[in-house]
Amino acid sequence: MSPIVRTVELTKIFNPDTAAVVALDHVSISIEPGEFVAVMGPSGSGKSTFMNIIGCLDRPTSGTYELDGRNVALLSVDQRADIRRTKLGFVFQSYNLLARTTALENVELPMIYAGIGQRERRKAAAQTLEAVGLAARVHGQFPNQLSGGQQQRVAIARALVNSPILILADEPTGALDSKTSIEIMELFVNIQRERKVTILMVTHEPHVAAYARRLVRFLDGRVESDSLTREAVASS
């Protein structure tokens with residue numbers, strides 16, 4: 001079975017013709033299907049650039065990036081957009097929900113872009129919202145009527161609804177209190193276990209990273225360390 005993510009000598013240089021900034025410096029990483037991987041590192045370490053490339057939001061200067069066995073590093077803008085729509089799910093710190101759209105309609109959005117009919121997408125959106133712990137009574141509510149934790153659950157449902165092979169979570173607990181952060185991270189763990197989906201998460205909080213099975217640390221554009229978390233070691 002091919003890795004879900006495989007990079008070989010992945011390099012990203014900004015402003016190569018002037019004041020060059022090396023954001024990624026020959027990064028080689030392999031992530032297997034069903035892994036839960038946390039990425040940490042100080043500001044400017046390269047972790048955000050890495051996530052943008054993995055999310056098909058940017059392209060490397062050199063090196064290889066394969067997603068599910070396909071080399072996507074040099075694909076066109078339209079081809080990368082198609083991969084984002086069909087293969088990837090995104091969860092952000094600020095939720096990125098549409099304010100004038102209900103919870104149910106927010107979850108439907110990826111299916112609209114995929115051309116799925118209204119009846120099918122409404123049913124799938126409702127089922128996915130319930131799967132992330134949101135009762136039917138909140139499906140018709142707008143984001144400003146929901147708590148931060150509820151909004152993040154809507155965002156997670158939206159990321160899941162098209163059955164992606166990879167979920168990219170960027171500081172998913174950054175706007176939440178400690179109790180709600182625990183609930184959201186336990187939800188991620190359950191999703192990974194039950195759906196066998198691969199999760200790649202950026203966080204600056206060690207206690208959040210501890211929910212992942214593997215921790216990759218970036219420093220100065222390179223992988224400083226790549227190891228199992230303490231919790232993973234304890235449970236193995």
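Below is a table of values for the structure above.
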{"item": "Residue list for region 45-85, restricted to those being acidic (Asp, Glu) and either closer than 21 Å to Ser163 by Cβ or assigned to a strand (DSSP E or B) (or both)", "result": "Glu66, Asp68, Asp82"}
{"item": "Unmet requirement for Thr11, which otherwise passes all of (1) farther than 30 Å from Arg230 by Cα; (2) outside any helix (DSSP H, G or I)", "result": "(1)"}
{"item": "Whichever residue in region 74-106 is surrounded by 17 or more Cβ atoms within 10 Å (Cβ to Cβ) and among the hydroxyl-bearing types (Ser, Thr, Tyr) and, among such residues, is farthest from Ile156 (Cα to Cα)", "result": "Thr102"}
{"item": "Breaking point among (1) touching a residue at least 60 places away in the same chain (Cβ under 8 Å); (2) closer than 19 Å to Arg84 by Cα; (3) in a helix (DSSP H, G or I), for Ala157", "result": "(1)"}
{"item": "When residues of region 107-147 are limited to those that are outside any loop (DSSP other than H, G, I, E, B) and among the polar types (S, T, N, Q), the one nearest to Phe188 (Cα to Cα)", "result": "Thr128"}
{"item": "Only listed residue being part of a loop (DSSP other than H, G, I, E, B) and farther than 27 Å from Ser227 by Cβ, chosen from Pro16, Pro3, Pro33, Pro42", "result": "Pro16"}
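Yes/no matrix, rows are residues, columns are (1) assigned to a strand (DSSP E or B); (2) basic (Lys, Arg); (3) touching a His at 6+ places or on another chain (Cβ under 8 Å); (4) under 18 Å from Ile54 (Cα atoms):
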site	(1), (2), (3), (4)
Ala169	yes, no, no, yes
Thr173	no, no, no, no
Leu176	no, no, no, no
Met185	no, no, no, no
Gln192	no, no, no, no
Ile199	yes, no, no, yes
His207	no, no, no, no
Glu224	yes, no, no, no
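All of the numbers you see were taken from the coordinates with simple rules; none came from a lab. The shown structure was predicted, so the numbers you read here are calculated from the model rather than taken from an experiment. Heads up, the Cβs are rebuilt from the backbone with ideal geometry, glycines too, and the neighbour counts pull from every protein chain shown.
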